[in-house]
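K.L.:
Mind looking over this structure? Questions follow.
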Amino acid sequence: MPPSRQLLQTAAINRLRLRNRLVRSATWEGMCDPRGIPGEDLIDRYRQLAAGGVGLIITGFAYVAQEGKLLPGALGLQDDASARAVRQLVEVVHAAGGRICAQLGHAGGQTRRDICGTTPSLHRRCSWTSTRSSRRR
């Protein structure tokens, strides 16, 4: 079977069954409110991806704690309320025949107070130093 036809064959990742092997990798959309709740634009985008035939959608960076938020507009999975809101994304994708998984993350010492709204605990314990290439030109 040619590789291009294999893309359209069903696949499985453990018990997760996919209608095909088309995977939309994680990207940052910036379409959530300050609490990480997905907006209608993001819901529509995921609906279109699934309806268009994508077998698996990997969400953009979904922070698991408010102090770990990396970018404004990021998806949040930090509490029960945000998880309930994200459930709508899951339902929309499933209704269109696709599957969805979250790229979970915590920005650690790389976040900033103006983004996450608090001083991240790692900033109190770590100091970060910028580096540059040691290659001579």
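K.L.:
Working only within segment 81-97, note down all residues that are modelled with pLDDT of 95 or more and of a type in the set (D, E, K, R).
P.N.:
87, 91, listed by residue number.
K.L.:
Ok, one more. Please tell me if residue 7 is without any contact (Cβ under 8 Å) to a residue 24 or more places away in the chain, over 19 Å from residue 116 (Cβ atoms) and surrounded by 12 or more Cβ atoms within 10 Å (Cβ to Cβ).
P.N.:
Spelling it out, residue 7 is indeed without any contact (Cβ under 8 Å) to a residue 24 or more places away in the chain, over 19 Å from residue 116 (Cβ atoms) and surrounded by 12 or more Cβ atoms within 10 Å (Cβ to Cβ).
K.L.:
Another question, if that's okay. Take the residues in segment 25-67 that are out of contact with any Leu (no Cβ under 9 Å at 6 or more places or on another chain) and among the hydroxyl-bearing types (Ser, Thr, Tyr), then tell me which one is surrounded by the most Cβ atoms within 10 Å (Cβ to Cβ).
P.N.:
It comes out as 27.
K.L.:
Another one. So in segment 68-92, with the set limited to residues that are acidic (Asp, Glu) and over 24 Å from residue 54 (Cβ atoms), which one is surrounded by the most Cβ atoms within 10 Å (Cβ to Cβ)?
P.N.:
Quick first cut of segment 68-92, residues acidic (Asp, Glu) only: 79-80, 91.
Narrowing further to those that are over 24 Å from residue 54 (Cβ atoms): 79-80.
Values: 79: 13, 80: 8.
Out of the qualifying residues, it is 79.
K.L.:
Same structure again: Answer with yes or no whether residue 108 is surrounded by 15 or more Cβ atoms within 10 Å (Cβ to Cβ) and either of a type in the set (A, V, I, L, M, F, W, C) or under 13 Å from the mean Cα position of the chain (by Cα) (or both).
P.N.:
Here the answer is no, as residue 108 does not meet what is asked.
K.L.:
Any residue at all in segment 53-76 that's without any contact (Cβ under 8 Å) to a residue 12 or more places away in the chain and closer than 24 Å to residue 117 by Cα?
P.N.:
So far as segment 53-76 goes, no, none of its residues is without any contact (Cβ under 8 Å) to a residue 12 or more places away in the chain and closer than 24 Å to residue 117 by Cα.
K.L.:
Kindly indicate whether residue 100 is farther than 30 Å from residue 55 by Cα and at pLDDT 85 or above.
P.N.:
Against the criterion (farther than 30 Å from residue 55 by Cα and at pLDDT 85 or above), residue 100 does not qualify.
The values are calculated or read from the model by the stated rules, or taken from the named source; none is laboratory data. As the structure is a computational prediction, the values presented were derived from the model and not from experiment. No Cβ is skipped: glycine too gets one built from the backbone with ideal geometry, and neighbour counts run over all protein chains shown.
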